[in-house]
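Engineer: Before I ask anything, here is the structure I am working with.
The values are calculated or read from the model by the stated rules, or taken from the named source; none is laboratory data. None of the values given here were measured: they were computed from a predicted structure. Every residue, glycine among them, receives a Cβ derived from its backbone with ideal geometry; neighbour counts consider all protein chains shown. Surface accessibility is based on the protein's heavy atoms, side chains included, excluding ligands, DNA and RNA. Shrake-Rupley method; radii C 1.70, N 1.55, O 1.52, S 1.80 Å.
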Amino acid sequence: MKNSFLILFLFLSVMVRSQVTYDNMENLRSDSIDVLHYHLDLDMTQTENQFIRGAATVKFSSLEDGLQHLPLDLLALTVDSVKQENQQLNFSYNDTLLTINLGRVVDSSDVDSVVVHYSGSPTQDATWGGFFFSGNYAYNMGVGFDAKPHNYGRIWHPCFDNFKERATYSFNVKTDDNQVSTCNGLLVNETQNGQVTTRQWELNDAIPSYLACIAVAPYATVHQNHRNIPIELYSLPSDTNNLKASFSTLPDAMDAYIDNYGPYRFSKVGYSIVPFNAGAMEHATNIAYPRYAIDGTLGNETLMAHELSHHWWGDLATCETPEEMWLNEGMASFSEYL
């Protein structure tokens, strides 16, 4: 993440003790429940109305005996139903925390799953981040500077929204046939049914929820490869020449980090161009990158390099609390110079 509010963000990250206590309480859930995988079925065919519909399958294991409730973060969306093996479950929801009454007791080392059906218009943060609808674009930026905690996965899917909990992801995204979805991981399938296109993505690398992403636009894909690592750059077709020119030193940045930090451990390097005017966001394997920064010059190459470096510092090794965000950002700033 790099933007004009970075200094403000680092200042806000030095929280008072009450906030430290709050965030630590959020992390405590990960001591009793381990979320293993999120599968998100997303209907993005109504983005012109700033509306999404989703079904999130949350696979989890219990780390203690007698688990009867599953608490999930979900911000200001409508929960239509919750199911466990097609059985309707009771739940409570206050626009912030979704508490699910499990249909059976889950004991230590048991693995189970629930499906949350939800819909609505995802939230934007008052200062920076959130979910955005702009023209033909719909996309998320995974943190909120005003949010407590700063993680902002909960604006578009139910999750454990803390830095500590990591899970793998898969996505099944429906769009109008003139739109293209991009998500974390690798594209494993694409089908078309009438005027609807469905793209399936899989990320086998476990990440915290704020690094999960989606972007939808009439994208074209620039396919590249460096050191046997696939590179996928997504932009409007009219922007691809500028994109390639502004990213011509991406292989140099990859070499610098691999040679100095170690192997690149994710499945691809990806950037999705979005009309966001206040910086970028290091979503794992699919960085949300501002359109203003691909002008055909190398004037913003340090921004490109900063976000890539987070795949070592921030995405692979992630701070545990907001107070430690300077570790992510400090190393990314150093990496610009490297």
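Engineer: Could you pull out every residue, at least 5 positions away or on a different chain, whose amide H is within less than 5 Å of the one on residue 274? Hs are placed 1.01 Å off N in the peptide plane, and Pro or chain starts have none.
Structural biologist: Amide H neighbours of residue 274: 289, 291.
Engineer: Applying the Karplus parametrisation 6.51 cos²θ - 1.76 cosθ + 1.60 with θ = phi - 60° to the phi angles of region 61-69, what ³J(HN,Hα) value in whole Hz is obtained for each residue in order, glycine and proline being reported as x?
Structural biologist: Couplings: 10, 8, 9, 8, 7, x, 5, 10, 10 Hz.
Engineer: What number, in percent, do you get for the relative contact order of the chain if the mean sequence gap of Cα pairs under 8 Å and at least 6 apart is divided by its residue count?
Structural biologist: Computed value for the chain: 16 percent relative contact order.
Engineer: Sticking with this one: Computed FRET efficiency, Cβ-Cβ of residue 333 and residue 224, R0 22 Å: what is it to the nearest 0.05?
Structural biologist: That gives a FRET efficiency of 0.30.
Engineer: Under the 0.36 nm per residue contour assumption, what length would be gained going from the current alpha-carbon distance of residue 292 and residue 88 to full extension?
Structural biologist: That pair, residue 292 and residue 88, stretches by 68.7 nm at full extension.
Engineer: Of all the accessible heavy-atom surface of the chain, with the other protein chains kept in place and a 1.4 Å probe, what percent is carbon and sulfur?
Structural biologist: 48 percent
Engineer: If you compute percent of Cα pairs over 34 Å apart for the structure shown, which of (1) 29; (2) 49; (3) 21 do you land on?
Structural biologist: Correct label, based on the coordinates given: (3).
Engineer: Still on this model: Packing-wise, with mean Cβ within 10 Å as the measure, how do 255-263, 189-197 rank, highest first?
Structural biologist: Ranked from most to least packed, the peptides come out as 255-263, 189-197.
Engineer: Student exercise: in the chain, how many lysine pairs 8 or more apart or on different chains have Cα atoms under 19 Å apart?
Structural biologist: So the count works out to 4.
Engineer: Let me ask something additional. Calculate, for the chain, the solvent-accessible area per residue in square angstrom, rolling a 1.4 angstrom probe over the heavy atoms of the protein chains.
Structural biologist: 40 Å²
Engineer: Given Cβ point charges of +1 (Lys, Arg) and -1 (Asp, Glu) and nothing else, what value in debye, to the nearest 20, does the dipole of the chain about its Cα centre take?
Structural biologist: Dipole about the Cα centre, nearest 20: 420 debye.
Engineer: Over what distance in Å are the Cα centres of region 166-201 and region 309-338 separated?
Structural biologist: Cα centroid of region 166-201 versus Cα centroid of region 309-338: 29 Å apart.
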